[in-house]
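Working notes for the structure below.
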Amino acid sequence: MSLPKLTRLPSARLLIINHLHQQLLPSITPLSVPRRALIQGKYRRPGQPKEDKFPWEGINFDFSKGLEGIKKHFTLLKKEFYDRWVGPEGKPIIEHMLEQNRVIWEFRGAESLQHWIVSSDKEIGGQSEVYLKPGKNGNTCFLYGTLSSTPPRDGETRYSGYCTMRSKQLLASFDRKKHYDWSSFNTLHLRVRGDGRPWMINIAAETYFSHQKDDIYSYFLYTRGGPYWQDIKIPFSKFFLTHRGRIQDDQHPLWLDKINTIGFTLGDKADGPFQLEIDFIGVSKDYAHTEEFAYEAYKRNPEI
Amino acid sequence: MTCSRCLLRLPSVILRGQSARLVQCRILLRSTSCSQISVLHNTHNQVLRLFHSSPVCPKSRPVPAEFNNEEKEKKDKSLITHDDLFERVAKETKSKATFNKVVDIFLKRDVRRRGHVEFIYAALKKMPEFSVERELAVYNKLLDVFPKEVFVPRNFIQRMFNHYPRQQECGVQLLEQMEANGVVPNIETKVLLVQIFGEKSHPMRKYQRIMYWFPRFKHVNPFPVPRQLPGDPVDLARFSLTRIANDLDAKITVYQLPHTDLTESGEEITVPHIVGIQSPSQMEMLARHNPSRPVFVEGPFPLWLRKTCLYYYVLRADPLPSDVKIEEPYDPDRCLIYPLQLDLDLDRDLGDDESFDVDDLDEGPVFAMCMTNHGDQATLNQWISGLQQNNPILGQVPTLFRLDAGPRELQGVETDSQQSHPHRSDPKAQRGEMQPEEEEIIMEEELKRSQGMKQ
């Protein structure tokens, strides 16, 4: 698999990282305090030494890479500039206004898989494996692997067992962040074929404060299994806010104007092989759906 | 020297009630002289009252003599006590009754329930072994181990700071394990939590969160799977085939029931079950299939129902190439009551197109599906011959077996049937098992087979 392995944090953390204050008795479950890091950096496994490197030491200052970068970024810049003359997002204005649905990711050929990152609990020391390949006739994306929920034997991690596929951040020229704007749609539409396992869809939106960068909106994706394709429509109002794998008390509807990534996570604790085939991922406008948010956003009593 | 110093220090220890330092003192004492022990025990018994203990505690202050001995015994042993307790009590059987017995023993052992946090952690860890991880009553009983009213904050300062953090964490972890196993707490849990930790403690918050979210997501699965799957493999196959076929017209046929036969040579032969599903539209599609194009038996494909994995097989054909494909014109006389084709122009606007702009995936039609616990070619051949009774075209169509040997190794449940597999299967299938990596395609001489069927 030539796909780059994820180095950032996985999209949904089903594990809980605990730091051991003192280990009083060796045999019992660690008396651990879930401690929240002040600076939310990337996950460092327990026992792993801190990386003693300057930030610029990992950068490749290659001349040919620089040339390639210049070529790529100026092409993007040119495209960005000329797209404005055609209309919003490079489409004529009439098309943009009358748009009822949009296909965001369509899996046609191996290069469409380049926009995706797969990761599993191997990063935290687990044993799950996940791979991504084009489907049988090259027109789908086939995510497969083995799930193993054996937690790593580091004495701190209590849960393990997840496999994830996440789309890459959309980038404009010179590596500026670009977002998807789905504010004219209200439903996520997928065509998948699974094996009966429940998955989770995670949508990450752009946030303002840095402590919100792991805020993810999630919902469940239940697959039927079997040889038939399954069209799934999930209204965006159903997505609930989670942070680092924990559902939040303070819920908030998903703002669709700046969507960064979408991800699929499996973590149903059923050890064994799994597969998920995705045909396309799109958004659509469902006029019959008027709900704004499925969960209570008012102040509750007791306020939890 | 050290003894006397320790004895001098004892009053301060008494005031703080910190058992750790006490133990330190005791160890020092014990190392120096044995005669001091009795003195120490007396002082120790006086010390036992915790600073935050409830008013109930002082009543039980007098400590019986045998308790004292038991304590000594325990201290002589290792620090690992509770895991050990579970192992000792439930030596032969691990069940709910023995688990409850262990908890009872712990409750009776010490009035003050010393080390209850460690005990609860050990019990939580042992729960899957005793297969009680989905029993609400057991969780409530474990929660009952916590002493009542001791950890309830009494003033605003205690409420502001994390009062008895270790105990609260333990309570939260217990609730978290309930959550992970899908156990919904009940009112008894709530009453216990209020008694133990108070109204606004962290475990109480956790309880409220569970009770807020669990009912919301209870019926969210559109394809629900019962918690207790049917034990009979035929029933299980029936259930899963109706699930994946998603067609109310589809008819399930049990081609073969599982049974065990004894041959003359005394060999035991297990006949696997074969359950198939086919809908009328699939039969119609198969009847229209061009006999010169082969059909394929593919599989095994996995299907997960909660934590069990089943495998199914599919009879399908390749998609027609675009030049062969013929659009069948609608025959308006086929149905005189309802029009089969509506060509109404309902003034659709430009933006009224609600279909997605994606190329349709044509993967070829699926004609039938089956489930068996024995995925070799001989068994699937029986399925095809069973299908042939309702679909006579299968006698003319060449049938290819594209059986993947891969997942069969992963099947944990059916290992016994696999072991007997190589004895009976034909040499072709055996050859396929030797190369499990690649997809095995066996061309059947269909004429011979269909002749054989017809005899």
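The values are calculated or read from the model by the stated rules, or taken from the named source; none is laboratory data. Since the model is a prediction, treat every value here as computed from it, not as a measurement. Virtual Cβ from ideal backbone geometry, glycine too; neighbours counted across all protein chains shown. These area figures cover heavy atoms from the full protein model, side chains too; ligands, DNA and RNA do not enter into them. Shrake-Rupley method; radii C 1.70, N 1.55, O 1.52, S 1.80 Å.
Data overview
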quantity	calculated
Potential lengthening between residue A:172 and residue A:290 on full extension [0.36 nm per residue; Cα-Cα distance subtracted]	39.1 nm
Residue B:290 paired with residue A:110, simple spin-label distance in nm, labels 7 Å along Cα-to-beta-carbon	3.1 nm
Per-residue HN-Hα couplings for region B:231-240 [Karplus 6.51, -1.76, 1.60; θ = phi - 60°; Hz; x = Gly/Pro]	x, 6, x, 6, 5, 5, 5, 4, 4, 6
Cα→Cβ-extended label distance, 7 Å offset, between residue A:72 and residue B:191, nm	6.5 nm
Which of B:154, B:113 is most accessible, then next, and so on - probe 1.4 Å	B:154, B:113
Of A:50/A:178; A:72/A:168; A:269/B:126; A:133/A:177, those spanning more than 22 Å from alpha-carbon to alpha-carbon	A:50/A:178; A:133/A:177
Listed residues B:187, A:117 arranged by accessible area, highest first, probe 1.4 Å	B:187, A:117
Accessible area (Å², 1.4 Å probe, nearest 10) - residue B:209	80 Å²
Heavy atoms of residue B:403: accessible area, 1.4 Å probe, square angstrom to 10	10 Å²
Nonlocal amide H pairs with residue A:117, under 5 Å, H built at 1.01 Å	A:166, A:167, A:168
Residue-count net charge about residue A:285 - beta-carbon cut-off 9 Å; Lys, Arg +1, Asp, Glu -1	-3
Debye, to nearest 20: dipole size of region B:78-217, +1 on Lys, Arg Cβ, -1 on Asp, Glu Cβ	340 debye
Buried solvent-accessible surface, both chains (A, B), 1.4 Å probe, Å² to nearest 100	5300 Å²
Per residue accessible area in Å² of region A:131-287, where ligands, DNA and RNA are left out and the probe is 1.4 Å	38 Å²
Ranking by accessible area, most exposed first, for A:131, A:222 with a 1.4 Å probe	A:131, A:222
Which of B:95, B:181, B:192, positive extreme of dipole for region B:78-217 (C-beta unit charges)	B:192
List of region B:156-178 residues, accessible area with partners at least 50 Å² below that of the chain alone (1.4 Å probe)	B:166, B:169, B:173, B:176
Accessible-area composition of region B:78-217, carbon plus sulfur, in percent [1.4 Å probe]	55 percent
Region A:230-297, accessible surface, carbon-and-sulfur percent (1.4 angstrom probe)	46 percent
Residue A:136 versus residue B:97: modelled label distance in nm, points set 7 Å from Cα along the beta carbon direction	5.3 nm
For residue A:116, solvent-accessible area (1.4 Å; no DNA, RNA or ligand), Å²	0 Å²
Stretchable slack from residue B:148 to residue B:269, in nm (0.36 nm times residue separation minus alpha-carbon distance)	37.4 nm
Added length on full extension, which subtracts the Cα-Cα distance from 0.36 nm per residue, residue B:134 to residue B:105	8.2 nm
